[in-house]
Amino acid sequence: MTDNHPLPTPTNFSELENWLNVHRVTEVECLAPDLTGVARGKILPRVKFTEDRGMRLPEVVVALGVTGEFPKSGPYYDVINPNDRDMHLQPDPTTVRIVPWASDPTAQVIHDCYDRYGKLIPFAPRSVLRRVCDLYTEMGLEPVVAPELEFYLVARNPDPNSLLHPPIGRSGRAETSRQAYSIDAVNEFDPLFEEIYDYCEKMGLNVDTLIHEVGAGQMEINFFHDHPLGLADEVFFFKRTVREAAMRHNMYATFMAKPIAGEPGSAMHIHQSIVDKQSRRNIFSNADGTPSESFFNYIGGLQKHVPSAMALVAPYVNSYRRLARHTAAPINIEWGRQPLGGFSLTPVHARGASH
């Protein structure tokens, strides 16, 4: 049984085909994350998913807005070719996962996007992250991250223009107050979270702790520390998983920054550190545990470049409903020490060696 003796992660197409055969996959979801984290792509019968098959998508697909729209003119087309040029998709075998909620054996595989000359499309999200990670590798360094994802569970809402409300839990009641870190409040949704953890285990997602956040129906799940590209893929899969599981329990899940007026906003905090590849030493800490010069340089770089990165960190109109005074939201570029010896900078976090 593959559940008891899982296959090693495929590293090439031949191993990927063997993986699909062992899992008796009949359908393959070929995915390409866009700039907003939406899963774009195509679905193929397993027999049509071959190494020599050419799969294409228009390059505008990875640069769509969250509503599926794109500008009609302007600097957008300094990057996106107005001729609706095609991208050539190639699967990354290391990303293959079973789709645990599918009725028939189905696999999902993230694809990288290339141009007709075999070069990565530079603005595709995975291309950007690959390029950044390669820069670290050239310096003999390895970035390590650990994301914390906040999201709301809300009652089913067929009208997108009506207000959102907390869902009904096992008690038959909806939350009417804020229940930060409440175990009983999380237990209201035990059947949902048991299924989410079951799905994550089948997909090999490295989720860690679950807590109830401040807002009514607001939750947070943390991931273990790992390499940025692999974790970005896992977060992409995880958000699909939570949304799907929630619908199966008669509720919705939303990762919007400010889905409910008057309630706390949601964010994704990213714990960060950098390791020397040879010594495996965290370069943010000196031998005595004090912050290193590299750490302060890193903080300075974040402070300098965060304003330019806001278009990516907070890409939606809704993002700025969260970034308001007196809401525990990051409205200033500042950093400080935390009780456990770590450090934080808003709107992204940089942690010291103890984290």
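Might you check whether a residue that is hydroxyl-bearing (Ser, Thr, Tyr) and either within 28 Å of Tyr199 (Cα to Cα) or surrounded by 15 or more Cβ atoms within 10 Å (Cβ to Cβ) (or both) occurs anywhere in segment 41-52? Yes, segment 41-52 has at least one match.
When we screen Ala267, Ala246 for residues that are buried (at least 19 other Cβ atoms within 10 Å of the Cβ) and over 29 Å from Glu142 (Cβ atoms), the only hit is Ala246.
Within segment 171-202, the set of residues being in contact with a Ser or Thr (Cβ under 7 Å, 6 or more places away or on another chain) and under 24 Å from His269 (Cα atoms) comprises Ile196, Tyr199, Cys200.
Checked across segment 129-140, the condition of being surrounded by 14 or more Cβ atoms within 10 Å (Cβ to Cβ), outside the structural domain of Thr254 (by TED's automatic domain parsing) and modelled with pLDDT under 95 holds for no residue.
The values are calculated or read from the model by the stated rules, or taken from the named source; none is laboratory data. All figures in this text were calculated on a predicted structure; none of them were measured in a lab. Virtual Cβ from ideal backbone geometry, glycine too; neighbours counted across all protein chains shown.
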